[in-house]
Amino acid sequence: AATHYEKLYLKDSRNPEIALNYAQILRKTGKSQRAIMVLAPFVESKSKKIDPIMALEYAAASVELGNYDQALTVADKVLGDEKAAGLHPNMMNIRGIVFDAKGQHKDAEAAYRTALEGWEGDATSVMNNLALCLVSQGLFDEALTTLRQALVTAPNRQEISRNIEIISDLRKSVLPTPVAPVKPVKKK
């Protein structure tokens, strides 16, 4: 598919549909820098409005490259476009990823929760992101609850089961073992 879309792109690099499909393949095969170059004429143009789907792909590739400010700039443009409301949850997830990477876990948590409110379809990846963010804040029980809810939705997602196991082990190593409550002694 990559070779096919590369040929199409080389023939007609101004075709947005071809550019988007080619960029998606590039990013998914670890060539995010090339994906950015393919999408840049469509996303970085100041004269025309940004296609929200291209902007989403551009932001995702930017995140993979560690270009967090670039990803936030593009995400904010899409979030400011009411006509792109269907992609707002996706952009909020990207904002959450960026904030998490920057160590701004409260902002990340808020972004993930906003993404989940409007998410359509399988939200397990966002739930997983939220759970990992909660762990970063020491909220192990809430993270485990979130992951268990994700596992109910997608029981075959091995990374969810693996993260439950990892977080459970981490919780045991960080938090003291609970002790049975001491009963008060009754006076005679």
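The values are calculated or read from the model by the stated rules, or taken from the named source; none is laboratory data. Note that the structure is a prediction, hence the values are computed from the model and not measured. Because the Cβ atoms are built from the backbone with ideal geometry, glycine has one as well, and the counts that use them run over all protein chains shown. Quick note on the areas: whole protein, heavy atoms, side chains included, nothing else; ligands and nucleic acids left out. Shrake-Rupley method; radii C 1.70, N 1.55, O 1.52, S 1.80 Å.
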Specify which of the listed residues (Gly121, Gly86) is more than 24 Å from Ile164 (Cβ to Cβ) and surrounded by fewer than 14 Cβ atoms within 10 Å (Cβ to Cβ). Gly86
Looking at this structure, is Ala111 in a helix (DSSP H, G or I) and open to solvent by less than 10 Å² (accessible area, probe 1.4 Å)? yes
Give me a count of the residues in region 42-56 that are closer than 22 Å to Lys7 by Cα and either open to solvent by less than 10 Å² (accessible area, probe 1.4 Å) or free of Cβ contacts under 8 Å to residues at least 24 places away in the same chain (or both). 2
Taking region 104-123 as the region of interest, how many residues are under 17 Å from Gly138 (Cβ atoms) and of a type in the set (Asp, Glu)? 2
Is it true that some residue in region 98-106 is part of a loop (DSSP other than H, G, I, E, B), exposed (fewer than 13 other Cβ atoms within 10 Å of the Cβ) and either at pLDDT 95 or above or aromatic (Phe, Trp, Tyr) (or both)? yes
